[in-house]
Each structure stands twice: as structure tokens, then as C-alpha cells.
Amino acid sequence: MKETDNFYLNLEEPNRSCMLALRNIILEQNDMVMETMKWGMPCFCYKKKMFCFLSFDRKMKEPYILIVEGRLIDHPMLEAGTRSRMKILRIDPNSDLPISMIVEVLNEALDLYRNGVIRMK
């Protein structure tokens, strides 16, 4: 079993189902998106360049998508908090996923790479 699979399977419900659904949504956005583990979290790379992570707020017990270059995206649902580079998109695991909004944010993030705003090697 892969390390990424263990991450999801060790979560309690409803976070497990929510995070697995988010994983599928992220992977469906582009054939060049691959999943790996970095710093104990699922990391999603576009052409081997990190673009987002899945994690959860341990205090609030809520999942979120961390957008690596979030500072370059102006979306009302993204929160910077104390981060200078990254922003997070909080997800309520007890509600229906706002799929269109998630896809919108993910594609804004991917466009940074696809359009050359973030240089690819």
C-alpha cells in the first residue's frame, strides 16, 4: 500500500471521505497532475512542480486545500492567514462539496503554471 493511501485511510470520518473526494477532484483537473507525499501530507504536482497540498486544521478538524502559489490568486474563499506565499481553501467535511468553486480555484492555480507565470524547468 502506498504512503498516500495510508494517509487517507488513517483519517476518521467525515474527513476521510471528504479528503478522498478532494483527491479525486484534484487529480481529474489535468493528466499532468501527480500525487506524492511531502512533509506528511498529500502533495499534488503539475509537471513535477508542487501546486497544492491536502491537509486539515488540527484544531478545527477541517480539511483544506493549500495552494502553493496562492499569493498570486485573488479569490474570496482563499485565506492567507500568516502565510506569505500560500493560501488555503477551507472545506466543511459535513456539507456537500462546492465542486465548481474548488475546480475554479484549482484551475486558477494550474493556470499559473500553464501560462508561464510560474516558471517550469
So the angle from the long Cα axis of helix 99-114 to the longest Cα principal axis of the chain, reported in degrees to the nearest 10, equals 40 degrees
At q = 0.16 1/Å the base-10 log of I(q)/I(0) from the Debye formula over the alpha-carbon atoms of the chain is -0.73
Take every Cα pair under 8 Å in the chain that's 6+ residues apart, average their separations, divide by the length, and report that relative contact order as a whole percent.
19 percent
Please list Arg119, Arg16 from largest to smallest accessible area, probe radius 1.4 Å, with all protein chains kept in place.
Arg119, Arg16
Taking every eigenvalue of the Cα gyration tensor of the range 1-71, multiplying by 5 and rooting it, what semi-axes result, largest first, whole Å?
19, 14, 11
With the other protein chains left in place, how much accessible area per residue, in square angstrom, belongs to the range 2-100 at a 1.4 angstrom probe?
58 Å²
The lysines whose Cα lies under 21 Å from the Cα of Lys48, excluding any fewer than 8 residues away in the same chain, are Lys2, Lys38, Lys87, Lys121
Summing -39500 (n - 2.57) over every DSSP H run of at least 4 residues in the chain and dividing by its residue count gives a helix-only mean residue ellipticity at 222 nm, to the nearest 500 deg cm²/dmol, of -9000 deg cm²/dmol
Using a 1.4 Å probe on the protein chains only, how many percent of the accessible area of the chain belongs to carbon and sulfur?
49 percent
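The values are calculated or read from the model by the stated rules, or taken from the named source; none is laboratory data. Treat the numbers as computed from the prediction; the structure is a model and nothing was measured. All accessible areas refer to the heavy atoms of the entire protein, side chains included, with ligands and DNA or RNA removed. Shrake-Rupley method; radii C 1.70, N 1.55, O 1.52, S 1.80 Å.
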